[in-house]
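The structure appears right after this line, and notes come after that.
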Amino acid sequence: MARYVPKYVSPEQAARDRARRRAALYGILLALPLTFVVLVFGYSDQAPAPLRSAVIALDRALGYPIAGLIAMIGAR
């Protein structure tokens, strides 16, 4: 049975890994609200027709979760 030998990670490499993970996390946290805003804008009257059609087709394929969220927000 092979013994576990820990891999040495230099402090510089550890710092680069942390920075890369932090950048990925920020990207995900930024992408989620931006995606929601684009999808909600796709339902507005100001949206171009191709965007509106694409958003409605995507929403229909997913079972109308975007329209449900818009309805919940509008009911307040």
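The values are calculated or read from the model by the stated rules, or taken from the named source; none is laboratory data. This structure is a prediction, so every number in the text was calculated from the model and none was measured. When we count neighbours, we look across all protein chains shown, and the Cβ atoms used for this are built from the backbone with ideal geometry, even at glycine.
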Inset, instruction - Can you tell me which residue within the range 7-51, out of those that are exposed (fewer than 10 other Cβ atoms within 10 Å of the Cβ) and hydroxyl-bearing (S, T, Y), is modelled with the highest pLDDT? - result: S10
Legend entry - Selection status of D59, at pLDDT below 95 and touching a Pro at 6+ places or on another chain (Cβ under 9 Å): yes
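Could you check how many residues of the range 24-61 are more than 21 Å from M72 (Cβ to Cβ) and either over 14 Å from the mean Cα position of the chain (by Cα) or hydroxyl-bearing (S, T, Y) (or both)? Working first, answer last.
So in the range 24-61, the residues more than 21 Å from M72 (Cβ to Cβ) come out as 24-31, 46, 48-51, 53-54, 57.
Retained after the next criterion (residues that are either over 14 Å from the mean Cα position of the chain (by Cα) or hydroxyl-bearing (S, T, Y) (or both)): 26, 46, 48-51, 53-54, 57.
Selection size over the range 24-61: 9.
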Legend entry - Of all residues in the range 52-65 being touching a residue at least 12 places away in the same chain (Cβ under 8 Å) and either of a type in the set (A, V, I, L, M) or in contact with a strand residue (DSSP E or B) (Cβ under 7 Å, 6 or more places away or on another chain) (or both), the one that is surrounded by the most Cβ atoms within 10 Å (Cβ to Cβ): V55
Inset, instruction - Give me the pairs, please: first residue somewhere in the range 21-39 and among the acidic types (D, E), second residue anywhere and surrounded by 10 or more Cβ atoms within 10 Å (Cβ to Cβ) and at pLDDT below 90, beta-carbon distance under 9 Å, and either six or more positions apart or on two chains. - result: none
